[in-house]
Amino acid sequence: MPETLIITPNQPKNAVYEEIYPQIKALVENETDLIANMANIASALKEVFGWWWVGFYLVKGNELVLGPFQGPIACTRIRFGKGVCGTSWKEKRSIFVPNVNKFPGHIACSSASVSEIVVPVFDENNDVFAVLDVDSERFDVLDKTDMEWLEQIAKLIKQQK
Ligand code: SME
């Protein structure tokens, strides 16, 4: 397992993902512990992109409960269908919110966060068992490229039996 990420500076976003994706894959593929893998993925993404907040919520009963993350303290529980995270879980799809003020029901864990991407993490039965949430304090940082790569990264996470 690599101990540091190799990141070439000043590359276009897509090239950054192409560089880090295999490293994240190597980081998680030989580790079976779900929390350890989520923690390392959150850390890797925070280190590489410096987003305001990046982390996971895990499905527990009819709620999402805060999991491994990097960034300021956050809401601990989100109900099914609530906020961007709960909507992503309910609708089993990724959601890119360029401006959170325009997403009805957005849950403001931090007033600094203005833009957000939430990607579901699926189990073998195609049920959502977690979501990956990325928040930015800027309007011009997150985009569809991030969403597509975050979907690929989410696929690296296997539900722990
Ligand atoms: N904004 C999210 C809540 C989680 S925090 O941003 C970390 C939402 O609306 O679901």
Taking only segment 56-78 into account, find how many residues are of a type in the set (A, V, I, L, M, F, W, C) and away from the ligand (no atom under 11 Å from the Cβ).
3
Where the second residue is surrounded by fewer than 19 Cβ atoms within 10 Å (Cβ to Cβ) and among the hydroxyl-bearing types (Ser, Thr, Tyr) and the first is over 19 Å from THR8 (Cβ atoms) and without any contact (Cβ under 8 Å) to a residue 40 or more places away in the chain and lies in segment 42-65, which pairs have Cβ atoms under 7 Å and are six or more apart or on separate chains?
VAL65/THR76
Of the residues in segment 106-145, those that are touching a Phe, Trp or Tyr at 6+ places or on another chain (Cβ under 7 Å), in a helix (DSSP H, G or I) and surrounded by 13 or more Cβ atoms within 10 Å (Cβ to Cβ) come to none
Contacts under 6 angstrom Cβ, first residue in segment 99-126 being in contact (Cβ under 8 Å) with a residue 24 or more places away in the chain, partner surrounded by 22 or more Cβ atoms within 10 Å (Cβ to Cβ) and among the hydroxyl-bearing types (Ser, Thr, Tyr), 6 or more apart:
SER115/SER136; VAL118/SER88; PRO120/SER88
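Any read-out appearing in this document is the output of simple, stated calculations on the displayed coordinates, not a laboratory observation. Computed from a predicted structure; not experimentally measured. Heads up, the Cβs are rebuilt from the backbone with ideal geometry, glycines too, and the neighbour counts pull from every protein chain shown.
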